[in-house]
1. Can you pull the accessible area of GLU182 for me, 1.4 Å probe, Å² to the nearest 10?
2. Order 132-143, 35-46 from most to least packed using the mean count of other Cβ atoms within 10 Å.
3. Helix 16-44 versus the longest principal axis of the chain: what angle, 0 to 90°, nearest 10, using Cα atoms?
4. Once both axes come from the Cα atoms, what is the angle between helix 96-112 and the longest principal axis of the chain, in degrees from 0 to 90, rounded to 10?
5. For the chain, what is the mean residue ellipticity at 222 nm derived from helices alone (per DSSP H run of n ≥ 4: -39500 (n - 2.57); sum divided by total residues; nearest 500 deg cm²/dmol)?
6. How about the range 21-126: which trypsin sites (Lys or Arg not before Pro) there are in a DSSP loop, with at most 16 other Cβ atoms within 10 Å of their Cβ?
7. Given a Förster distance of 25 Å, report the FRET efficiency between LEU121 and LEU164 from their Cβ-Cβ distance, rounded to the nearest 0.05.
8. Under a crude label model (7 Å from the Cα following the beta-carbon direction), how far is ALA49 from LEU141 in nanometres?
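The values are calculated or read from the model by the stated rules, or taken from the named source; none is laboratory data. Worth saying up front: this structure is predicted, and the values here are computed from it rather than measured. Every residue, glycine as well, gets a Cβ built from its backbone with ideal geometry; the counts of neighbours run over all protein chains shown. Surface accessibility is based on the protein's heavy atoms, side chains included, excluding ligands, DNA and RNA. Shrake-Rupley method; radii C 1.70, N 1.55, O 1.52, S 1.80 Å.
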Amino acid sequence: MNTTILKKAEKSRLSVRTQTLAALTAIVAAVAVPQLFHAVGAISGLGTALGETFLPMHLPILMVGLLAGPYAGIAAGAAGPLVSFALSGMPTAAMLPFMMIELAVYGLAAGLLRDVKMPVLAKVVLAQVAGRVVRAAAILLAVYGFGSTSVTAATIWGSIVTGLPGLILQWSVLPLLIFWVENRQKNER
């Protein structure tokens, strides 16, 4: 019985090369997908509001964690916002460290839940909660511990309310994408 469990655990491990390629793909997506939302926002006169509302950078980070594991998830989560900022100036400098922390935790939590037997939706919600809690703690530390004036404690609640459509989008899209990818992998074997 224990041998069977160990074999299943070994079977689900991905090579370092595969994890690296997955993380790099997620970083590219974490830069490109928000740009599409911002372009549509610019055309429609909404500016960056679509990105803030639909949280497009979160999708590839959660997905890479769920598919490739915690190492790929945390790497993509930390690097995605940094690369995006370097190339486009978004997220803003004030929000960059908090986005990096939040998305790194998303990727890590989703990756740690990768092989756990539970619905994908539950994994997504748990990763979201972990990321948002750690982000809130980082903001509170910045505001009350270091006296930061670039963000406020109200940012925490405001981002949750503003991003609710994005959270719902993640609940809807990610389980479908994970189901599609996993079934495709099974059919290719």
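1. The accessible area comes out at roughly 80 Å².
2. 132-143, 35-46
3. 40
4. For helix 96-112, the angle is close to 20 degrees.
5. Result for the chain: -26000 deg cm²/dmol, rounded to the nearest 500.
6. Details: sites: ARG114, LYS117, LYS123; in loops: ARG114, LYS117.
Passing sites in the range 21-126 are LYS117.
7. It comes to 0.95.
8. In this crude spin-label approximation the distance works out to 3.4 nm.
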